[in-house]
Amino acid sequence: MRGRKKRGFMLFVYLMMITGMSLAGFPLSRAWAEPADTAVVTPLSEHGALRVEQGALVDGKGEKFQLRGMSTHGLTWFPEYVCEETFRTLRDDWKTNCVRLAMYTEEYGGYCSGGNKDELKALVRKGVDTATELGMYVIIDWHILNDGDPNIHKTEAMEFFGEISALYKDQGNVIYEICNEPNGTADWECIKRYANEVIPVIRQNDSDAVIIVGTPTWSQEIDKAAEAPLEFDNVLYALHFYAATHTDWLRERLRGCAQKGLPVFVSEFGMCDANGNGNNDFVQAEQWLGLLDEYKIGYCCWNLANKAEASSVLQPSSQKLSGWTEEDLSESGKWISGYFRQRSLEENGV
Ligand code: IDC
């Protein structure tokens with residue numbers, strides 16, 4: 001319906017609403033007069049498509065916006081958590097607004113090392129579609145790790161992102177993370193070469209998609225990106241930390257880059273050691289998240305699984321996919337779910 005026709009119809013509906021009458025002359029039900037279900041207010045319906053402006057991620061209203069959420073473990077290893085009931089608990093109980101889908105490229109029968117490509121893509125689609133139904137933001141993470149240089153699997157990355165971005169080109173909630181943690185010989189020049197080829201593949205389908213780019217040394221050297229940023233807009237640079245390993249010195253680096261106006265995103269962090277295990281350091285974690293909240297930088301916590309390691313938020317004994325209680329949660333799970341809730345309470349009163 002366009003132009004005059006649409007205006008005429010809207011005027012008619014408006015008159016009915018203010019007079020409280022239906023087409024048949026009966027009073028309008030509440031379902032007509034008001035939104036039927038207040039739960040339809042979702043992170044996405046409230047904030048819309050995101051973009052990067054003056055060094056910060058902003059929402060549809062142009063206000064600084066923090067993504068907060070959980071990262072899955074490797075999709076191949078823990079596919080069961082990619083489902084509606086899990087994501088709903090993360091949205092409604094943990095008060096998060098985004099999910100990161102970590103698809104390893106080498107480890108664990110990864111996408112480029114013998115993994116079943118069709119099954120993995122189906123899981124990614126299930127994750128994106130589930131997040132979309134719930135009005136959450138979703139990050140598609142090309143999880144390089146052992147394969148330290150993203151150029152090693154560049155051709156596959158270009159194929160993958162070309163295919164997947166064609167599917168989601170019209171959606172404002174899908175974010176592309178093109179290389180989790182470059183390391184080893186992959187310096188910033190290497191990463192830029194890769195990004196300069198992969199980003200246009202996504203942008204060809206979705207010209208304003210937000211894209212996260214990993215930085216050298218397991219996504220710690222954001223300063224290298226600050227010295228020589230990419231020439232694309234709507235790009236965020238990844239900083240990863242593990243609170244028991246990375247402390248003041250990395251926070252100082254973040255401060256420096258944030259003050260220079262570099263758009264940073266913490267697409268992965270843990271409260272424990274960088275090996276994903278060991279002891280949690282909640283004092284350091286609190287300092288980290290406090291700083292990120294101060295700068296309104298978003299973050300995703302590693303990892304949503306029940307593996308026997310400190311970074312997994314669920315106890316190995318827990319088989320539940322949703323509605324977790326304290327007994328289901330590991331120490332890190334209790335802490336981070338509490339943190340998410342507290343932030344939501346402070347910001348939104350719920
Ligand atoms: C770890 C997992 C662990 C798995 C290992 C594989 O927690 O179960 O055996 O990967 O190598 C990262 C990586 C992330 C790591 C995590 C903890 O992005 O894949 O997950 N970590 O080591 N960077 C820093 C820490």
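The values are calculated or read from the model by the stated rules, or taken from the named source; none is laboratory data. Just so it is clear, the model here is predicted, and its values are computed rather than measured. Reconstructed Cβ throughout: ideal geometry from the backbone, glycine too, with neighbour counts over all protein chains shown. Quick note on the areas: whole protein, heavy atoms, side chains included, nothing else; ligands and nucleic acids left out. Shrake-Rupley method; radii C 1.70, N 1.55, O 1.52, S 1.80 Å.
Odds and ends about this structure:
- For region 288-333, the set of GluC sites (Glu not before Pro) satisfying both a DSSP loop assignment and a count of at most 10 other C-beta atoms within 10 Å is empty.
- Backbone amide hydrogens, once placed in the peptide plane, bring residue 100 within less than 5 Å of 70, 71, 72, 139, excluding anything fewer than 5 places away on its chain.
- Averaged per residue, region 124-184 has 31 square angstrom of accessible surface, using a 1.4 angstrom probe with ligands and nucleic acids left out.
- Efficiency of FRET between residue 350 and residue 189 - r from beta-carbon atoms, R0 51 angstrom, step 0.05: 0.65
- Dividing the summed -39500 (n - 2.57) terms of all DSSP H runs of n ≥ 4 by the residue count of the chain sets its mean residue ellipticity at 222 nm at -12000 deg cm²/dmol.
- Nearby aspartates and glutamates by direct alpha-carbon distance to residue 334 (threshold 12 angstrom, same-chain neighbours under 8 apart not counted): 326
- Taken over region 42-103, the alpha-carbon convex hull comes to 91 cubic angstrom per residue.
- With Cα atoms, 0 to 90° folded angle of helix 282-295 axis to the chain main axis: 50
- Kirkwood-Stokes translational diffusion coefficient of region 204-293, alpha-carbon pairs, 10 °C, 1.306 mPa s, µm²/s: 116
- For region 204-350, the per residue solvent-accessible surface stands at 41 Å², with DNA, RNA and ligands left out and a 1.4 Å probe.
- Check: the chain dipole with +1 on Lys, Arg Cβ and -1 on Asp, Glu Cβ, in debye: 1620
- Value of relative contact order over region 203-255, rounded to a whole percent, pairs C-alpha under 8 Å and six or more apart: 39
- Residue 322 accessible area, assembled protein chains, probe 1.4 Å, Å²: 30
- Against the rule of thumb 2.2 N^0.38 Å, how large the Cα Rg of region 216-350 comes out: 1.11
- Whole-percent carbon and sulfur share, accessible surface of the chain, 1.4 Å: 51
- The ellipsoid equivalent to the alpha-carbon distribution of the chain has semi-axes of 36, 24, 21 angstrom, derived from the gyration tensor eigenvalues as √(5λ) and listed largest first.
- Using a cut-off of 21 Å between Cα atoms, the listed pairs 64/224; 117/154; 121/154; 169/192; 121/224 include 64/224; 169/192; 121/224 as exceeding that distance.
- On Cα atoms only, tilt of 3-19 relative to the major axis of the chain in degrees: 70
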